[in-house]
Amino acid sequence: HAYAHTMSCQVQYHPRYQNGMALTDGEGLERVWSYLGNYVSVTRQMTSQRRQCTLDNAIKHFRWKRLLSM
């Protein structure tokens with residue numbers, strides 16, 4: 001969605017121009033959303049507190065699996 005920003009914004013905040021930023025394929029967040037998509041039907045009837053706890057645990061599990069695969 002970067003092209004929705006103005007050119008000056010793109011130039012100022014582009015990751016290639018930020019110190020300490022590494023290049024990525026830009027799909028990291030998409031992978032998380034894809035993983036969390038499996039929880040949509042499971043969490044639909046949950047209370048908001050229970051849903052938040054479940055999704056928090058799911059994200060922790062996702063991170064753990066990613067760390068083990070490194």
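The values are calculated or read from the model by the stated rules, or taken from the named source; none is laboratory data. Model, not experiment: these values are computed from the prediction. Quick reminder, even Gly has a Cβ in these numbers, built from the backbone with ideal geometry, and neighbours come from all protein chains shown. Areas reflect the complete protein model, heavy atoms only, side chains present, ligands, DNA and RNA absent. Shrake-Rupley method; radii C 1.70, N 1.55, O 1.52, S 1.80 Å.
Restricting to the stretch 1-46, name every residue that is open to solvent by less than 100 Å² (accessible area, probe 1.4 Å), of a type outside the set (A, V, I, L, M, F, W, C) and closer than 17 Å to ASN57 by Cβ.
Within the stretch 1-46, TYR35, GLY37, TYR39, SER41, THR43 meet the criteria.
Could you please tell me which pairs satisfy a Cβ distance under 8 Å, a separation of 6+ or placement on different chains, a first residue in the stretch 49-63 that is surrounded by 13 or more Cβ atoms within 10 Å (Cβ to Cβ), and a second residue that is not in a helix (DSSP H, G or I)?
Pairs that qualify, where the first residue is surrounded by 13 or more Cβ atoms within 10 Å (Cβ to Cβ) and the partner is not in a helix (DSSP H, G or I), are THR54/MET46.
Between a residue in the stretch 7-27 that is in contact (Cβ under 8 Å) with a residue 60 or more places away in the chain and any residue that is open to solvent by 90 Å² or more (accessible area, probe 1.4 Å), which pairs come within a Cβ distance under 6 Å, given they are 6 or more apart or on different chains?
Correct list of pairs: empty, since none qualify.
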